[in-house]
Amino acid sequence: MEKVIEVKNLEKSYKKKKTKELVKAVDGVSFDVYRGEILGLLGPNGAGKTTTIKSICGLLKPNGGSVHINGFDSNKQRLKAVNYISAVLEGNRNIYWRLTVRENMEYFAGNRGISKKEIQGKIDELLNFFNLKQKEDELVSSLSRGMQQKLAIAVALLPDTDVVLLDEPTLGLDVETSYEVRSLLKRIVEEHGKTIIVSTHDMPVVQEVCDRTVIINGGKVVADEKVEDLIKLFETRAYCFTIGDELTNQQVTAIENHFPIVEINDKQINVTLEKEDDLYIIMDILKSEQTNIEKIDRTTVDFEQVFMQLVRGGDQHETTVASH
Amino acid sequence: MKQLWHLINANLRKEYIELKRYFPNTITMILQFYFIFLAMLLGIHVIGDPQQVETNVQYVIVNYVIWFFMLTILQSLGFVILFEAQRGTLEQLFMTPLGMWRVLFGRIISNLLIFGILVTVLLVLSMLTAGEWLVFRIDVVLPVFLITTIGVIGVGYMLSGLAIIFKQIQSVLNVLQFILMGLAFVPLSVAPYLVFAPFVKGIDMIRLVMIHSYTWNDFTALDYSALILNSIFYLVFGIFIYLKSERFAMERGLLSQY
Ligand SMILES: Nc1ncnc2c1ncn2[C@@H]1O[C@H](COP(=O)(O)OP(=O)(O)OP(=O)(O)O)[C@@H](O)[C@H]1O
Ligand SMILES: [Mg+2]
């Protein structure tokens, strides 16, 4: 597979305005993106998603590491690199509310050096694709948020770049519009052969749309996996113990000390194990008080749980997932 | 080159669309400008016309036109950048592979063209209404004016760069009118060192042509070199400051309102 984007040991710190202390927003992030792939960049608030995306766009100069786009350094050869990418960074705030839908598209195409005449066909195609054709002469300020967001994505697709970066494209959308945007994203990859990086908190976006996900937390990559593999991996490690007796306090403490990701209900222990041996450790703890184990089940997990576990589990998981 | 042409075109269109769409604003600006002109021109009538008065009024009109023209262009550049940084469109402009400095070039040129035409038309119109004509050699004024404009482009870049970095630029933009007023109204004969300040040499020469009927031969080679060097210096210096500011903004993450 052809590598389109290569992020290597990316580091970015900001100076806090008041205290002047340095905040490490991105701390040694590395990942690659391949042609035709749709990659989900996932992480909680403040994880460093936006910083990573803006560094790829060359809008931020990294303190360390590098980003290459089709071989061009997005910092040192910014304008060459930018030739291959377009981005929606702040959704509906990325377009001019005082211009109409079509005027926006013509203006942004013009700034990339494309003439008004030349772009008309593409504009019509995109307006139809995004179902905005009837709105083409309306001011953006009069559109719904969903339409504005779709227009912002349409604007990013105008120059027909290899890569499109989307920072939180479903932010602030209702369920229905969010669904529409998700299926449009899938179609963009399928029909237009684009490579897409999408950052999001929105699990369905990753689960339905993305081929692969890079999860970052605290400025570090905690997982870089195919979405289905990640779920499978966690499924094989997730167990549900049904027990006959109540656990003693010592047992509870022992279990919680060993396993950061555990949920203990009355007669059930839902736990994610990190290695094979863990199964024996937990059985030892149960046996120590002659607790009856009635049943051990593999549990199914959805992406949301996987995400929560990775992010909550912090550093321990970095190693286990990476060694998979 | 062709790409740059399309870019300038797009920015001209946007400027024009916005002037048309916000017609009440536009018309207020036009009327205000027209009436101030008219008042000044009529001043010649009212006061009567001993040679001295006429010269003074002409002097004020020429300075006022130039001042108004530069102020409009420079302020709108700065304010638009501030506004776009807050709105979120600034970063989108930075995504063009032609480079933001070219987008700015497109904007400065559009501003110069649109306001240049506007000011010229209004000037002629108010002269028609007042029946009072400023007589000058356009073939001398125009080249001098165009060379002066090159310096304006440079200062436009400078202000754009500062507007990206300093969120407090708003107050600077407000003070700008007084700085420009000083540059536009004070003749070089009074403050010779101002020859190093932007525009001043050009404005001084335009004044001499319009009021004292200077022609090509009345200026020395030194005048012309000072004019050209001043403009080129401020263009290069302005772009330099802009590119430095851009780099600084990317290091600090200042392109969007955080
Ligand atoms: N321009 C800036 N100046 C100072 N600190 C910043 C700036 N931008 C981001 N940060 C800080 O850097 C860290 C990472 O922020 P970033 O915006 O990249 O996170 P994110 O994953 O996009 O979060 P969110 O989900 O909230 O959008 C945060 O702690 C944030 O406070
Ligand atoms: Mg973000």
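Go through the residues of segment A:3-19 one by one and say whether even a single one is within 30 Å of A:Ser142 (Cβ to Cβ), within 14 Å of ligand 2 (Cβ to nearest atom) and within 13 Å of chain B (Cβ to nearest Cβ).
Start the filter on segment A:3-19 by keeping residues that are within 30 Å of A:Ser142 (Cβ to Cβ), which leaves none.
Checked against the condition, which is being within 30 Å of A:Ser142 (Cβ to Cβ), within 14 Å of ligand 2 (Cβ to nearest atom) and within 13 Å of chain B (Cβ to nearest Cβ), segment A:3-19 yields no hits at all.
Looking at segment A:118-142 only, could you name the residues that are closer than 8 Å to A:Val101 by Cβ and hydroxyl-bearing (Ser, Thr, Tyr)? Don't jump to the end; show me each part of the working.
The initial filter retains those residues of segment A:118-142 that are closer than 8 Å to A:Val101 by Cβ, namely A:127, A:132, A:135-138, A:140.
Once the filter is applied, which keeps residues that are closer than 8 Å to A:Val101 by Cβ and hydroxyl-bearing (Ser, Thr, Tyr), segment A:118-142 yields nothing.
Residue-wise test of (1) touching a Leu at 6+ places or on another chain (Cβ under 8 Å); (2) under 30 Å from A:Ile95 (Cα atoms).
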{"position": "B:Phe196", "(1), (2)": "no, no"}
{"position": "B:Met210", "(1), (2)": "yes, no"}
{"position": "B:Tyr214", "(1), (2)": "yes, no"}
{"position": "B:Thr220", "(1), (2)": "no, no"}
{"position": "B:Phe233", "(1), (2)": "no, no"}
{"position": "B:Lys244", "(1), (2)": "no, yes"}
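Determine, yes or no, whether A:Ser55 is in contact (Cβ under 8 Å) with a residue 12 or more places away in the chain, within 16 Å of ligand 2 (Cβ to nearest atom) and touching a Ser or Thr at 6+ places or on another chain (Cβ under 8 Å). Talk me through it step by step, then tell me what you get.
Values: in contact (Cβ under 8 Å) with a residue 12 or more places away in the chain: yes; within 16 Å of ligand 2 (Cβ to nearest atom): yes; touching a Ser or Thr at 6+ places or on another chain (Cβ under 8 Å): yes.
Spelling it out, A:Ser55 is indeed in contact (Cβ under 8 Å) with a residue 12 or more places away in the chain, within 16 Å of ligand 2 (Cβ to nearest atom) and touching a Ser or Thr at 6+ places or on another chain (Cβ under 8 Å).
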Select, from A:Ile114, A:Ile153, the only residue that is within 29 Å of A:Ile5 (Cα to Cα), more than 16 Å from ligand 1 (Cβ to nearest atom) and not in a helix (DSSP H, G or I).
A:Ile114
A careful count of residues in segment B:184-201 that are within 17 Å of B:Ser231 (Cβ to Cβ) and either at pLDDT below 85 or part of a loop (DSSP other than H, G, I, E, B) (or both) gives 6
Filter result (farther than 30 Å from A:Gln207 by Cα and of a type outside the set (D, E, K, R)) within segment A:287-302
A:Ser288, A:Gln290, A:Thr291, A:Asn292, A:Ile293
Please go through segment A:59-75 and give me each residue that is away from ligand 1 (no atom under 13 Å from the Cβ), of a type in the set (A, V, I, L, M) and crowded, with 24+ Cβ neighbours inside 10 Å, ordered by number.
A:Ile69
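Would you confirm whether any residue within segment B:125-141 is within 26 Å of B:Leu7 (Cβ to Cβ) and surrounded by fewer than 18 Cβ atoms within 10 Å (Cβ to Cβ)?
To start, the set of residues in segment B:125-141 that are within 26 Å of B:Leu7 (Cβ to Cβ) comprises none.
Checked segment B:125-141: no residue is within 26 Å of B:Leu7 (Cβ to Cβ) and surrounded by fewer than 18 Cβ atoms within 10 Å (Cβ to Cβ).
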Kindly indicate the residue of segment A:263-313 that is in a strand (DSSP E or B) and of a type in the set (Val, Ile, Thr) and also nearest to A:Val227 (Cα to Cα) among those meeting that condition.
A:Thr272
Would you confirm, using the coordinates I've provided, whether A:Glu21 is within 15 Å of ligand 1 (Cβ to nearest atom) and acidic (Asp, Glu)?
yes
If you scan segment B:202-258, which residues turn out to be assigned to a helix (DSSP H, G or I), within 14 Å of chain A (Cβ to nearest Cβ) and either at positive phi or not aliphatic (A, V, I, L, M) (or both)?
B:Lys244, B:Ser245, B:Glu246, B:Arg247, B:Phe248, B:Glu251, B:Arg252
Only one of (1) away from chain B (no Cβ under 14 Å); (2) away from ligand 2 (no atom under 16 Å from the Cβ); (3) among the β-branched types (Val, Ile, Thr) fails for A:Val67. Which number is that?
(1)
Residues that are touching a residue at least 40 places away in the same chain (Cβ under 8 Å) and in a helix (DSSP H, G or I): does segment B:134-141 have at least one?
yes
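Go through segment B:61-93 residue by residue and tally those that are more than 17 Å from the chain's Cα centre (by Cα) and in a helix (DSSP H, G or I).
Here is the first cut: in segment B:61-93, the ones more than 17 Å from the chain's Cα centre (by Cα) are B:82-93.
Add one more test, that the residue is in a helix (DSSP H, G or I), and what stays is B:82-87, B:89-93.
The total comes to 11.
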Of residues in segment A:26-58 being within 12 Å of ligand 1 (Cβ to nearest atom), surrounded by fewer than 23 Cβ atoms within 10 Å (Cβ to Cβ) and not in a helix (DSSP H, G or I), the one nearest to the other protein chains (Cβ to nearest Cβ)
A:Gly46
Residue within segment A:142-161 that is within 21 Å of the chain's Cα centre (by Cα), over 30 Å from B:Lys20 (Cα atoms) and of a type outside the set (Asp, Glu) present
yes
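Quick check on my filter: what residues within segment A:59-76 are part of a strand (DSSP E or B) and in contact with a strand residue (DSSP E or B) (Cβ under 9 Å, 6 or more places away or on another chain)? Show your work before the answer.
First pass over segment A:59-76, keeping only residues part of a strand (DSSP E or B): A:64-69, A:72-73.
Of everything in segment A:59-76, those that are part of a strand (DSSP E or B) and in contact with a strand residue (DSSP E or B) (Cβ under 9 Å, 6 or more places away or on another chain) turn out to be A:Gly64, A:Gly65, A:Ser66, A:Val67, A:His68, A:Ile69, A:Asp73.
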Within segment A:179-197, is there a residue that is within 22 Å of A:Ile216 (Cα to Cα), within 13 Å of another protein chain (Cβ to nearest Cβ), in contact (Cβ under 8 Å) with a residue 40 or more places away in the chain and within 16 Å of ligand 2 (Cβ to nearest atom)?
no
Go through the residues of segment A:75-98 one by one and say whether even a single one is more than 26 Å from A:Gly193 (Cα to Cα) and more than 10 Å from chain B (Cβ to nearest Cβ).
yes
Residue count, segment A:39-77 (criterion: within 22 Å of B:Ala85 (Cα to Cα) and either in contact with a Cys (Cβ under 9 Å, 6 or more places away or on another chain) or outside the structural domain of A:Ala152 (by TED's automatic domain parsing) (or both))
1
Kindly state which strands (runs of 3 or more DSSP E) lie completely within segment A:163-262 and contain at least 2 residues that are within 16 Å of ligand 1 (Cβ to nearest atom), of a type outside the set (D, E, K, R) and within 24 Å of A:Glu274 (Cα to Cα).
A:212-217, A:220-226
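Results for (1) touching a residue at least 24 places away in the same chain (Cβ under 8 Å); (2) more than 10 Å from every other protein chain (Cβ to nearest Cβ); (3) among the hydroxyl-bearing types (Ser, Thr, Tyr), shown as yes or no for each residue.
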{"residue": "B:Val62", "(1), (2), (3)": "yes, yes, no"}
{"residue": "B:Gln75", "(1), (2), (3)": "yes, yes, no"}
{"residue": "B:Ile81", "(1), (2), (3)": "yes, yes, no"}
{"residue": "B:Thr89", "(1), (2), (3)": "no, no, yes"}
{"residue": "B:Phe94", "(1), (2), (3)": "yes, no, no"}
{"residue": "B:Met100", "(1), (2), (3)": "yes, no, no"}
{"residue": "B:Phe105", "(1), (2), (3)": "yes, yes, no"}
{"residue": "B:Ser110", "(1), (2), (3)": "yes, yes, yes"}
{"residue": "B:Leu113", "(1), (2), (3)": "yes, yes, no"}
Would you confirm whether any residue within segment A:76-88 is buried (at least 17 other Cβ atoms within 10 Å of the Cβ) and within 16 Å of ligand 1 (Cβ to nearest atom)?
yes
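The values are calculated or read from the model by the stated rules, or taken from the named source; none is laboratory data. Predicted, not measured: the structure shown is a model, and the values here were computed from it. Cβ sites come from the backbone with ideal geometry, for glycine too, and all protein chains shown count toward neighbours.
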